[in-house]
Structures are given as structure tokens and as C-alpha cells.
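*Asks:* Please see the structure below; I have some questions.
We did not get these values from a lab; they are worked out from the coordinates using the rules stated. Source: prediction; values computed, not measured. Note: ideal-geometry Cβ built from the backbone for every residue, glycine included; neighbour counts use all protein chains shown.
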Amino acid sequence: MKPWLELVKLRITIASMVTTSVGYILVRGQVDAAMIPALVGIFLQACGAAALNQVQDARLDTRMGRTEGRPIPSGRLTRTRALAGSLSLLVAGTATLLFYGPVPALLGLAAAVVYNGIYTPLKRVTPFAALPGALVGALPPAVGWIAAGGYLSDPSLHLLAFFFFLWQMPHFWLLLMHYEQDYAESGLPSLFDRFDRRQIARLTFVWIAAVTATSVLMPLFSLFDSPVPRYLVAGTGLLVVLRAVTLLRPSPAAANLAGFGKACRIRFMEINTFVLLVSVTLVTDRLAV
């Protein structure tokens, strides 16, 4: 089972389940058995999309030390078996989400279309593929929201989805700076083709600030109902931004690239932890009402 578990990128697919549960609980106000098909469906779809991505990138993965040990490049799974497994997971996930009607199923399937049909081929031709690819982060909470009986036109959902959309960009660019050499060896277009390291770091800082600013707007859309979550999220967001100021320092010399890469890795963990904190706070506050 180990190659299959690696193929479906469990950390990413579990994150999709988490954001789906946030959307569901914000509408329903409780954790109930009716939420299980939503989580199972989005998990299966996300696993299928992740596996299909590795099928698409099998040759590319052989060029990077970070990915050459994946199941297909390492020979532990064939592309044919992986393709069959990925499509089966996508079909099973879509069928499961039909329990709530066509809209949640189509939203989940749209995430796979964006990831596999737009982002994956686009990243071979432009360094800005991550922008449309970030839509993948916005769709799972919408699936949970609609599955719980919410409306797609609700402005509160739009802000929630926008928050998770924004998060994808610093998440990706911090990884890019941390694994700069790997991306250079892959031959893929990257922001380093258009900007220098200092400019990319500045762009990343702006997106980190945008993520935290969006979280502060959540009380205006009734996503928080009590003052404690507001101060907790605002205070933690300010701390994340202040720590990210290190990205605005002069570009490091070549001898200090390892230290810069490590700093990017720390910022990566901080912004991900902040998003998880916001998710937990949203859920906890809603359940406490």
C-alpha cells in the first residue's frame, strides 16, 4: 500500500478534507453523520487528482531529486496502473458527492479539472500557472458549504473561499524559494526566469499580508460570532506578518542561500499553521454558538 499512499499525496488530500469540513460546519453548526459523505467524496476526488497529477508528471519527476523517488519514476508503480487507480478514485468521489446533488459533485470535479487540466499543463509553459491553480484551494470549502445546505451566492462563502485561494500563493512560492535548485534542474518555467530572489520574496510577503488581512475581515461577514476569535486571529496574523518581514531583507549572497532556504521553509510552516489555526477557530466558534 505504501506506493499508493505516496501516489495520492495524503498531506494535500487530508487538507482538502479539513477545508471541506470548515465550510460544512459553518453552515450546519454541528458535526453530524451527514457530513461523512462530503468528506469521503472530496477525499476520494482529491486522491484521484493527486494520483493523476503524478501520472502526468512522471517523466518530469525524474529530473528533480525531490520527486525522483515517487512511485512511478522509481518504478514501484506503472503509469497504466496509476492512471486506472486515479480515474477510479475520481469517479468514486464524484459519485459519493452526488449524495448532496449535482452542485457539490461538480464543484469537487472542477477542482480536479483545474488541477489536472489547467495547472499541470500550464506550469510547463508559464511561471504564473500557480495563479489559476490556486482555485483548487478555494473549491473544497465550497463543496462543504453547499453540502450542508448553504448557498453558492452567499458572500460569506466567497470570503472564505478567497481566503483559501490567497493562501495557495505564498504556500507555493515559499516552496519554490526553498527548493530553488530543484526547480532550476527540472527545466520548468519559474518566477526566477522573470524576477530575482529579492523580488520574489517581496511578492511572497505581499501575499502573506493579504492572507492575514482577509482573515481579519471575517467578522464583517459573520464568520466569527464572538470577540475572542477575532483578537486571536488578528494577533496571530500580525505575528505571522512581522516574522515574514525577514523576506524584505536584501537578497542573500550565494554563500548564504542555505540559510535563506531554511528561512523560507520556516515561513512556509508558519503560514500553513496560521491557516490551520483560522480553520480550527472558525469551527470551534461556530460549534460553541
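*Asks:* Give the dimensionless ratio obtained when the Cα radius of gyration of the chain is divided by 2.2 N^0.38 Å.
*Replies:* Output field value: 1.02.
*Asks:* Compute the semi-axes of the equivalent ellipsoid of the stretch 104-230, taking the square root of 5 times each eigenvalue of the Cα gyration tensor, and list them largest first in whole Å.
*Replies:* The answer is 30, 20, 9 Å, longest axis first.
*Asks:* Taking only the alpha-carbon positions of the stretch 108-177 and ignoring solvent, what does the Debye formula give for the base-10 log of I(q)/I(0) at q = 0.15, 0.23, 0.24, 0.27 Å⁻¹?
*Replies:* Once normalised to I(0) and log-transformed, intensities are -0.51, -0.98, -1.03, -1.17.
*Asks:* To the nearest 20 debye, what is the magnitude of the charge dipole of the stretch 1-150 about its Cα centre, counting +1 on the Cβ of each Lys and Arg and -1 on the Cβ of each Asp and Glu?
*Replies:* 500 debye
*Asks:* Could you check the spin-label model distance between T62 and D154? Points 7 Å from the Cα along Cα→Cβ, value in nm.
*Replies:* Each label point lies 7 Å from its Cα, and together they span 4.9 nm.
*Asks:* Using every pair of alpha-carbon atoms in the stretch 155-201, split the distances into 5 Å bins beginning at 0 and state the percent of pairs per bin, rounded to integers.
*Replies:* 5, 19, 24, 18, 11, 10, 8, 4, 1
*Asks:* Oh, and also: Between V280 and E185, how many nm apart are label points set 7 Å from Cα along the C-beta direction?
*Replies:* Distance between label points: 3.6 nm.
*Asks:* Same structure, new question: If each residue's Cβ is checked for other Cβ atoms within 10 Å, how do L39, L159 rank with the fewest at the top?
*Replies:* Starting with the residue having the fewest Cβ neighbours, the order is L159, L39.
*Asks:* Excluding the sites themselves, what is the longest stretch of the chain that contains no chymotrypsin sites (Phe, Trp or Tyr not before Pro) in a DSSP loop with at most 15 other C-beta atoms within 10 Å?
*Replies:* Here the longest run is 1-127.
*Asks:* Can you give the net charge of the other residues whose Cβ lies under 13 Å from the Cβ of H171, counting K and R as +1 and D and E as -1?
*Replies:* Net charge in that neighbourhood comes out at +2.
*Asks:* Once the stretch 154-289 is represented by equal point scatterers at the alpha-carbon sites, with solvent omitted, what log10 I(q)/I(0) does the Debye formula produce at q = 0.12, 0.13 Å⁻¹?
*Replies:* Per q value, in the given order, log10 I(q)/I(0) is -0.51, -0.58.
*Asks:* Expressed in nm to one decimal, what extension gain is obtained for the pair R198 and L10 from 0.36 nm per residue of sequence separation less their Cα-Cα distance?
*Replies:* Difference between extended and current length: 64.4 nm.
*Asks:* Could you tell me which trypsin sites (Lys or Arg not before Pro) in the stretch 178-212 are loop residues by DSSP with no more than 13 other beta carbons within 10 angstrom of their beta carbon?
*Replies:* Answer by residue number: R194.
*Asks:* Follow-up question, since we're still on this one. For the stretch 179-234, compute Rh as the Kirkwood radius over C-alpha pairs and then the Stokes-Einstein diffusion coefficient at 10 °C and 1.306 mPa s; write the answer in µm²/s, rounded to an integer.
*Replies:* For these conditions, the coefficient is 114 µm²/s.
*Asks:* Set Lys and Arg Cβ to +1 and Asp and Glu Cβ to -1, take the dipole of the chain about its Cα centre, and tell me which of P170, L60, A147 lies farthest positive.
*Replies:* It is L60.
*Asks:* Which percent of Cα pairs goes in each bin when the distances of the stretch 1-150 are cut into 10 angstrom slices starting at zero?
*Replies:* With 10 Å bins starting at 0, P(r) equals 12, 40, 32, 13, 2.
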